[in-house]
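Have a look at the structure below, then the notes.
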Amino acid sequence: MIAFKAFEDDEPAFTPTPTTPDPQTIRDALRAPDANDWTAAMDTEIENMRRLKVFKEVQRPHGKNIITPRWVFRRKFEDGTLTKHKARLVARGFTQVSGVDYHEAHLYAPVVRLESFRTLISIAALFDFDLRQFDVSAAYLHGDIDEEVYMESPPGYETTGTVWLLQKGLYGLKQAGRIWHERLKADMEELGFTQCPRDHAVFRIGTWGQDDWAICAFWVDDETGVGSRAQLDRVAKMFSRKYGISGEGDLRWTLGIGVKRDYRAHIVSLSQESYIDNLVERFGLQNATTVTTPLAPGAILTNDQCPATPEEQQDMAGNHYRELIGSLQYVAIATRPDISFALSKLAQFLNNPGRAHMEAATRILRYLKGTKQKTLNLGGDTAELAGFSDSDWGGDRDDRRSTSAYVFKIGDGAISWKTKKQTSVALSSVEAEYMAMCQAAKEAVWLTGLLEDFGIDLRTPPIIFGDNQGALALAQNPVFHPRSKHIAIQYHFTRELVQSQQLTVKYISTKAMVADSLTKSLPYPQHTTLTEAMGVY
């Protein structure tokens, strides 16, 4: 029996928004204007656990580790509209003891890579495949647990002299993700699907070009399906029968990303406008003016701008720099490659940010506020895999290291991108570009393999475009030049791929180098042109 009841009152109707803080404790939930909704949500969670036989009550054992639980409360929104009050009972995994409640080897659990997700979206758009979704209800509560794990009864449902002996996985348990994934894999294989070697959260069935081809990708309990409608319906029906599902239908919203489709243009658009609005309000920038670039052109950010005196450190005390950079990271890796360079640069100052760094981080959010309506548009008319590799030279004022970047596209939109500072100093622009090309080549190999896992064979090797003639010559010429003999062996990986005809490298002018905006801050016209070339508009 629940140990409390929310009280009715005559206050005006409460209408939460996506920025309304969620309760942090059960006490907060019961004092909230929507307390009755939280009470009902907790009752539902406990009833689900009883129905699924997640636990059984036993006498408190002697000499056993007993972990503790907590409630996590979330209001779920879709396109800004409240859809559900969710109360989830989770275990405090940090109270588990290694070797007693779990084993270190049983912790890994994959989720679909965002590169795989965007590749699937692009394929669906290009070839007019069905694009479906569903959410498995209480996924973690379905996997059987091997270890003997005891847990205190949850707040609000306390009992005297008894504890819970867990029989199924529970959110928060260190091994829960692995338990669910093993069950998920077994279910998909039972349906005839095969796990993709290069992304273990993706499963394929059928032959490319045939009516039975389909792909299912999972982010824990969120499924995205592409391909044969009949195959995707088989998956949904089985999961509905065994576990219960919600949100089944055409893909509209997943992982906080809005999805819209234009069949005529063969385009699927991904938007994080709602997430950006949330960040703007969360960090108090509702009235801030917008800017046209993530970083000011030619902006210089160095360690010299970090606080060095007690007064400067006091000035920066209590800043939300880490929180802001972490929140922006999801935008950068999901749908907005145009902020990748700025965010990568600012992430180098997380330990001791200065006023200039904080202002630059705020500028990124002001930029997103002014461009929140922009979407990543995947698909188009041409189904070719092409990469763009670029580097600045010695752009970091602190250690003179260069920044590598690559962008890969299938059709008109970017499916993979990365900005990263190089691990050693390049002695020339040729060397910096050559080192960057190696990183792009590795991604090209992985993407080619991923498409092979999907059953798709490329007719021609993928192309990597570069804007440095010297680096391209070095990648194609097997003769070691005296000026390149010091370059680490790993960077000659590109040359090996070119020689074996697994990869092609070609020249492109700097004006058309899509990855240029991922290596430096650019003026507005050039930044906008290259952003649109990545499919962001």
Say whether the condition of being under 28 Å from the mean Cα position of the chain (by Cα), in a helix (DSSP H, G or I), among the hydroxyl-bearing types (Ser, Thr, Tyr) and buried (at least 19 other Cβ atoms within 10 Å of the Cβ) is met by at least one residue in the range 288-300. no
Could you grab me the full set of residues in the range 122-178 that are part of a loop (DSSP other than H, G, I, E, B), under 30 Å from GLY379 (Cα atoms) and not acidic (Asp, Glu)? PHE129
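Condition test on LYS76, is it in the same structural domain as GLU152 (by TED's automatic domain parsing), in contact with a strand residue (DSSP E or B) (Cβ under 9 Å, 6 or more places away or on another chain), among the charged types (D, E, K, R) and at pLDDT 90 or above?
Working: in the same structural domain as GLU152 (by TED's automatic domain parsing): yes; in contact with a strand residue (DSSP E or B) (Cβ under 9 Å, 6 or more places away or on another chain): yes; among the charged types (D, E, K, R): yes; at pLDDT 90 or above: no.
Against the criterion (in the same structural domain as GLU152 (by TED's automatic domain parsing), in contact with a strand residue (DSSP E or B) (Cβ under 9 Å, 6 or more places away or on another chain), among the charged types (D, E, K, R) and at pLDDT 90 or above), LYS76 does not qualify.
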Can you tell me which residue among ARG204, ARG183, ARG198 is surrounded by fewer than 20 Cβ atoms within 10 Å (Cβ to Cβ), of a type outside the set (Phe, Trp, Tyr) and over 30 Å from ARG50 (Cβ atoms)? ARG198
Members of the range 10-33 that are hydroxyl-bearing (Ser, Thr, Tyr) and either at pLDDT 95 or above or out of contact with any Gly (no Cβ under 8 Å at 6 or more places or on another chain) (or both): THR15, THR19, THR20, THR25
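Residues checked against (1) of a type in the set (S, T, N, Q); (2) outside any strand (DSSP E or B); (3) in contact with a strand residue (DSSP E or B) (Cβ under 8 Å, 6 or more places away or on another chain):
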site	(1), (2), (3)
ILE415	no, no, yes
THR419	yes, no, yes
VAL425	no, yes, no
VAL430	no, yes, no
GLN439	yes, yes, yes
LYS442	no, yes, no
GLY449	no, yes, no
GLU452	no, yes, no
LEU365 surrounded by 21 or more Cβ atoms within 10 Å (Cβ to Cβ) and either touching a Leu at 6+ places or on another chain (Cβ under 9 Å) or in contact (Cβ under 8 Å) with a residue 24 or more places away in the chain (or both): yes
Pull out all pairs, ordered by first then second residue, where Cβ-Cβ is under 9 Å, the residues are six or more apart or on different chains, the first lies in the range 233-248 and is in the same structural domain as ASP135 (by TED's automatic domain parsing) and in contact (Cβ under 8 Å) with a residue 40 or more places away in the chain, and the second is surrounded by fewer than 15 Cβ atoms within 10 Å (Cβ to Cβ) and in a helix (DSSP H, G or I). MET238/GLU190
Which of the residues that make up the range 155-189 are over 28 Å from the mean Cα position of the chain (by Cα) and either within 18 Å of HIS142 (Cβ to Cβ) or not charged (D, E, K, R) (or both)? PRO155, GLY156, TYR157, THR159, THR160, GLY161, THR162, VAL163, TRP164, LEU165, LEU166, GLN167
State whether one or more residues within the range 194-211 are assigned to a helix (DSSP H, G or I) and either hydrophobic (A, V, I, L, M, F, W, C) or in contact with a Phe, Trp or Tyr (Cβ under 9 Å, 6 or more places away or on another chain) (or both). no
Restricting the range 505-527 to residues that are among the hydroxyl-bearing types (Ser, Thr, Tyr), touching a Leu at 6+ places or on another chain (Cβ under 9 Å) and surrounded by fewer than 21 Cβ atoms within 10 Å (Cβ to Cβ), which is farthest from VAL291 (Cα to Cα)? TYR507
Would you confirm whether any residue within the range 307-317 is within 25 Å of LYS409 (Cα to Cα) and not aromatic (Phe, Trp, Tyr)? no
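Condition check ((1) among the β-branched types (Val, Ile, Thr); (2) in a loop (DSSP other than H, G, I, E, B); (3) farther than 24 Å from GLU443 by Cβ) across all residues:
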| residue | (1), (2), (3) |
| --- | --- |
| ASP338 | no, no, no |
| ALA342 | no, no, no |
| ASN351 | no, yes, yes |
| GLU359 | no, no, yes |
| THR362 | yes, no, yes |
| LYS369 | no, no, yes |
| LYS372 | no, yes, yes |
| LEU378 | no, no, no |
| PHE388 | no, no, no |
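The values are calculated or read from the model by the stated rules, or taken from the named source; none is laboratory data. What you see is a predicted model; the values in this text were computed from it and never measured. Methodologically, a virtual Cβ is constructed for each residue, glycine included, from the backbone with ideal geometry; neighbour enumeration extends over all protein chains shown.
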